[in-house]
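The values are calculated or read from the model by the stated rules, or taken from the named source; none is laboratory data. Because the structure is predicted, anything quoted here is derived from the model rather than measured. Here Cβ is always computed from backbone atoms with ideal geometry, including for glycine, and neighbour counts include all displayed protein chains.
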Amino acid sequence: MTEKLTSTLATLASKTSSVSMERQAVLEPLVEYVLDRQRANETTRLNFICTHNARRSHISQLMAAASAMANDLENIECYSGGVEVTRIHPNAIGALEELGFEFNGSDDGDNPVFLVDLGEANLIEVFSKKYDDDSNPPSDFAAVMVCSSAEEACPYVEGASKRISVTFEDPKEFDGQDDAVKGYVQRSLEIGAEIYYVMQQVSSRLEA
(Lines give C-alpha, C1' and ligand atoms only; values in the text may rest on other atoms or scores of the structure.)
Protein backbone atom coordinates (compact mmCIF):
# COMPACT_ATOMS: atom_id res chain seq x y z
CA MET A 1 0.00 0.00 0.00
CA THR A 2 1.44 3.37 -1.00
CA GLU A 3 2.28 6.07 1.52
CA LYS A 4 -0.26 8.35 -0.15
CA LEU A 5 -3.00 5.73 0.15
CA THR A 6 -2.12 5.16 3.80
CA SER A 7 -2.53 8.91 4.32
CA THR A 8 -5.87 8.86 2.46
CA LEU A 9 -7.14 6.06 4.71
CA ALA A 10 -6.15 8.06 7.78
CA THR A 11 -8.15 10.98 6.38
CA LEU A 12 -11.15 8.70 5.81
CA ALA A 13 -10.91 7.42 9.38
CA SER A 14 -11.06 11.00 10.64
CA LYS A 15 -14.17 11.68 8.56
CA THR A 16 -16.28 8.77 9.84
CA SER A 17 -17.49 10.81 12.81
CA SER A 18 -19.22 13.16 10.36
CA VAL A 19 -21.33 10.39 8.78
CA SER A 20 -24.89 11.51 9.51
CA MET A 21 -27.40 9.44 11.45
CA GLU A 22 -29.47 9.20 8.27
CA ARG A 23 -26.55 7.76 6.31
CA GLN A 24 -25.62 5.47 9.18
CA ALA A 25 -29.09 3.96 8.90
CA VAL A 26 -28.61 3.47 5.15
CA LEU A 27 -25.23 1.81 5.73
CA GLU A 28 -26.35 -0.43 8.61
CA PRO A 29 -27.54 -3.35 6.42
CA LEU A 30 -24.10 -3.47 4.81
CA VAL A 31 -22.43 -3.34 8.23
CA GLU A 32 -24.62 -6.21 9.45
CA TYR A 33 -23.99 -8.32 6.34
CA VAL A 34 -20.21 -8.03 6.63
CA LEU A 35 -20.33 -8.51 10.39
CA ASP A 36 -22.42 -11.67 10.14
CA ARG A 37 -20.04 -13.17 7.58
CA GLN A 38 -17.00 -12.26 9.65
CA ARG A 39 -18.47 -13.77 12.81
CA ALA A 40 -19.22 -16.97 10.91
CA ASN A 41 -15.65 -17.03 9.53
CA GLU A 42 -17.07 -17.04 6.01
CA THR A 43 -15.60 -15.19 3.05
CA THR A 44 -17.36 -11.88 2.51
CA ARG A 45 -17.92 -11.12 -1.17
CA LEU A 46 -19.15 -7.64 -2.05
CA ASN A 47 -20.11 -6.78 -5.62
CA PHE A 48 -20.60 -3.01 -6.00
CA ILE A 49 -23.02 -2.38 -8.86
CA CYS A 50 -23.89 0.75 -10.84
CA THR A 51 -25.27 1.15 -14.34
CA HIS A 52 -22.09 1.53 -16.40
CA ASN A 53 -19.40 0.23 -14.03
CA ALA A 54 -17.49 3.40 -14.81
CA ARG A 55 -17.29 5.54 -11.68
CA ARG A 56 -19.01 4.87 -8.34
CA SER A 57 -18.80 1.09 -8.45
CA HIS A 58 -15.03 1.12 -9.04
CA ILE A 59 -14.49 3.83 -6.43
CA SER A 60 -16.54 1.84 -3.92
CA GLN A 61 -14.78 -1.43 -4.74
CA LEU A 62 -11.28 -0.04 -4.23
CA MET A 63 -12.23 1.97 -1.16
CA ALA A 64 -13.83 -1.11 0.39
CA ALA A 65 -10.81 -3.31 -0.26
CA ALA A 66 -8.39 -0.75 1.17
CA SER A 67 -10.63 0.08 4.15
CA ALA A 68 -11.00 -3.60 5.04
CA MET A 69 -7.23 -3.94 5.10
CA ALA A 70 -6.83 -0.77 7.18
CA ASN A 71 -9.23 -2.20 9.77
CA ASP A 72 -7.48 -5.60 9.84
CA LEU A 73 -10.46 -7.45 8.38
CA GLU A 74 -9.67 -10.62 6.51
CA ASN A 75 -11.42 -12.72 3.88
CA ILE A 76 -13.22 -9.76 2.32
CA GLU A 77 -13.30 -9.84 -1.47
CA CYS A 78 -14.45 -6.75 -3.36
CA TYR A 79 -15.80 -6.72 -6.90
CA SER A 80 -17.71 -4.36 -9.16
CA GLY A 81 -19.98 -4.58 -12.16
CA GLY A 82 -22.70 -2.85 -14.11
CA VAL A 83 -25.82 -3.39 -16.11
CA GLU A 84 -23.92 -2.26 -19.23
CA VAL A 85 -20.27 -2.47 -20.27
CA THR A 86 -18.53 0.87 -20.94
CA ARG A 87 -15.09 1.67 -19.46
CA ILE A 88 -13.75 3.03 -16.19
CA HIS A 89 -13.86 6.80 -16.63
CA PRO A 90 -10.47 8.57 -16.92
CA ASN A 91 -11.52 11.11 -14.29
CA ALA A 92 -12.21 8.30 -11.84
CA ILE A 93 -8.76 6.88 -12.53
CA GLY A 94 -7.19 10.32 -12.11
CA ALA A 95 -8.91 10.89 -8.78
CA LEU A 96 -8.08 7.45 -7.40
CA GLU A 97 -4.45 7.91 -8.42
CA GLU A 98 -4.44 11.26 -6.61
CA LEU A 99 -5.58 9.37 -3.52
CA GLY A 100 -2.81 6.79 -3.75
CA PHE A 101 -4.20 3.90 -5.78
CA GLU A 102 -1.69 2.82 -8.41
CA PHE A 103 -3.16 1.72 -11.75
CA ASN A 104 -0.88 -0.54 -13.74
CA GLY A 105 -1.71 -1.02 -17.39
CA SER A 106 -2.35 0.88 -20.59
CA ASP A 107 -5.23 3.29 -21.16
CA ASP A 108 -5.55 2.06 -24.75
CA GLY A 109 -8.70 0.62 -26.25
CA ASP A 110 -12.38 1.08 -25.62
CA ASN A 111 -12.34 -0.83 -22.33
CA PRO A 112 -8.81 -0.92 -20.88
CA VAL A 113 -7.83 -3.34 -18.11
CA PHE A 114 -5.76 -2.23 -15.12
CA LEU A 115 -4.29 -3.94 -12.09
CA VAL A 116 -4.34 -2.14 -8.75
CA ASP A 117 -1.92 -3.60 -6.19
CA LEU A 118 -2.91 -2.89 -2.58
CA GLY A 119 -0.12 -5.04 -1.17
CA GLU A 120 -0.36 -8.17 0.96
CA ALA A 121 -1.23 -10.17 -2.16
CA ASN A 122 -4.34 -8.04 -2.74
CA LEU A 123 -4.31 -7.46 -6.49
CA ILE A 124 -7.51 -6.12 -8.06
CA GLU A 125 -8.26 -6.24 -11.78
CA VAL A 126 -10.14 -3.13 -12.84
CA PHE A 127 -12.19 -2.83 -16.02
CA SER A 128 -15.82 -2.22 -16.97
CA LYS A 129 -17.96 -5.37 -17.00
CA LYS A 130 -21.46 -6.61 -16.30
CA TYR A 131 -22.14 -7.69 -12.76
CA ASP A 132 -22.34 -11.35 -13.84
CA ASP A 133 -19.00 -11.32 -15.66
CA ASP A 134 -16.90 -14.47 -15.20
CA SER A 135 -14.41 -12.48 -13.10
CA ASN A 136 -17.12 -11.83 -10.49
CA PRO A 137 -18.56 -14.42 -8.08
CA PRO A 138 -21.56 -16.31 -9.53
CA SER A 139 -23.22 -16.79 -6.13
CA ASP A 140 -22.94 -16.17 -2.39
CA PHE A 141 -22.26 -12.43 -2.57
CA ALA A 142 -23.91 -9.18 -1.56
CA ALA A 143 -25.07 -7.00 -4.45
CA VAL A 144 -24.34 -3.49 -3.19
CA MET A 145 -26.32 -1.11 -5.40
CA VAL A 146 -24.52 2.23 -5.48
CA CYS A 147 -26.74 4.12 -7.94
CA SER A 148 -30.50 4.48 -8.20
CA SER A 149 -30.61 3.90 -11.97
CA ALA A 150 -28.99 0.48 -11.52
CA GLU A 151 -31.62 -0.30 -8.91
CA GLU A 152 -34.32 0.38 -11.49
CA ALA A 153 -32.57 -1.30 -14.43
CA CYS A 154 -31.58 -4.37 -12.45
CA PRO A 155 -34.42 -5.36 -10.11
CA TYR A 156 -32.99 -8.87 -9.74
CA VAL A 157 -29.30 -9.73 -9.36
CA GLU A 158 -28.82 -13.42 -10.09
CA GLY A 159 -26.70 -15.27 -7.54
CA ALA A 160 -26.80 -12.59 -4.85
CA SER A 161 -27.45 -13.83 -1.34
CA LYS A 162 -28.26 -10.27 -0.27
CA ARG A 163 -29.19 -7.07 -2.09
CA ILE A 164 -28.23 -3.84 -0.30
CA SER A 165 -29.01 -0.32 -1.49
CA VAL A 166 -26.27 2.20 -0.67
CA THR A 167 -26.58 4.92 -3.28
CA PHE A 168 -23.95 7.64 -3.70
CA GLU A 169 -23.95 10.94 -5.56
CA ASP A 170 -22.54 10.59 -9.08
CA PRO A 171 -19.22 12.37 -9.77
CA LYS A 172 -20.30 12.50 -13.41
CA GLU A 173 -21.58 16.01 -12.70
CA PHE A 174 -17.96 17.23 -12.73
CA ASP A 175 -17.20 15.94 -16.24
CA GLY A 176 -16.27 18.70 -18.67
CA GLN A 177 -15.13 21.09 -15.93
CA ASP A 178 -11.56 22.37 -15.79
CA ASP A 179 -11.14 20.97 -12.29
CA ALA A 180 -13.07 17.74 -12.93
CA VAL A 181 -10.52 15.49 -11.22
CA LYS A 182 -10.62 17.71 -8.13
CA GLY A 183 -14.39 17.20 -7.99
CA TYR A 184 -13.93 13.46 -8.43
CA VAL A 185 -11.40 13.43 -5.58
CA GLN A 186 -13.87 15.14 -3.27
CA ARG A 187 -16.66 12.74 -4.25
CA SER A 188 -14.33 9.76 -3.84
CA LEU A 189 -13.47 10.94 -0.33
CA GLU A 190 -17.18 11.23 0.49
CA ILE A 191 -17.81 7.69 -0.75
CA GLY A 192 -14.65 6.45 0.92
CA ALA A 193 -15.56 7.90 4.31
CA GLU A 194 -18.85 6.01 4.33
CA ILE A 195 -17.23 2.78 3.14
CA TYR A 196 -14.52 3.18 5.78
CA TYR A 197 -17.25 3.75 8.38
CA VAL A 198 -18.74 0.37 7.44
CA MET A 199 -15.45 -1.47 7.91
CA GLN A 200 -14.66 0.45 11.08
CA GLN A 201 -18.02 -0.50 12.56
CA VAL A 202 -17.49 -4.15 11.68
CA SER A 203 -14.05 -4.16 13.28
CA SER A 204 -15.18 -2.46 16.47
CA ARG A 205 -18.22 -4.74 16.90
CA LEU A 206 -16.10 -7.83 16.37
CA GLU A 207 -13.90 -6.69 19.23
CA ALA A 208 -16.80 -5.85 21.54
Fill in: Residue that is modelled with pLDDT of 95 or more, part of a loop (DSSP other than H, G, I, E, B) and either more than 20 Å from C50 (Cα to Cα) or touching a helix residue (DSSP H, G or I) at 6+ places or on another chain (Cβ under 9 Å) (or both), where the choices are L96, L73
L73
Worksheet item: Hey, does the range 100-115 have a residue that's surrounded by fewer than 15 Cβ atoms within 10 Å (Cβ to Cβ), in contact with a Phe, Trp or Tyr (Cβ under 6 Å, 6 or more places away or on another chain) and among the small types (G, A, S)?
Response: yes
Worksheet item: When you go through S18, S7, S67 one by one, which is the residue that is hydroxyl-bearing (S, T, Y) and closer than 15 Å to I124 by Cα?
Response: S67
Practice prompt. Say whether the condition of being in contact (Cβ under 8 Å) with a residue 12 or more places away in the chain, more than 21 Å from F168 (Cα to Cα) and either of a type in the set (A, V, I, L, M) or surrounded by 14 or more Cβ atoms within 10 Å (Cβ to Cβ) (or both) is met by at least one residue in the range 79-87.
Written response: no
Practice prompt. Could you tell me whether the range 13-24 includes any residue that is at positive phi and in a loop (DSSP other than H, G, I, E, B)?
Written response: no
Worksheet, complete the sentence: In the range 164-208, residues that are in contact (Cβ under 8 Å) with a residue 60 or more places away in the chain, assigned to a loop (DSSP other than H, G, I, E, B) and over 19 Å from the mean Cα position of the chain (by Cα) total 1
Worksheet item: Restricting the range 25-53 to residues that are more than 18 Å from the chain's Cα centre (by Cα) and among the acidic types (D, E), which is surrounded by the most Cβ atoms within 10 Å (Cβ to Cβ)?
Response: D36
Worksheet, complete the sentence: Among the residues of the range 130-145, the number that are part of a strand (DSSP E or B) and surrounded by fewer than 17 Cβ atoms within 10 Å (Cβ to Cβ) is 1
Worksheet item: For the range 116-129, which residues satisfy the criterion of being buried (at least 16 other Cβ atoms within 10 Å of the Cβ) and not in a loop (DSSP other than H, G, I, E, B)?
Response: V116, I124, V126
Worksheet item: Would you pick out the residues in the range 178-208 that are of a type in the set (F, W, Y) and within 19 Å of C78 (Cβ to Cβ)?
Response: Y196, Y197
Worksheet item: Does A68 count as surrounded by 24 or more Cβ atoms within 10 Å (Cβ to Cβ), within 19 Å of A208 (Cβ to Cβ) and not polar (S, T, N, Q)?
Response: yes
Worksheet item: Which one of these does V83 not meet: (1) under 19 Å from P137 (Cα atoms); (2) modelled with pLDDT of 95 or more?
Response: (2)
Worksheet, complete the sentence: Looking across the range 8-24 at residues that are polar (S, T, N, Q) and under 18 Å from the mean Cα position of the chain (by Cα), the single one that is farthest from A66 (Cα to Cα) is Q24
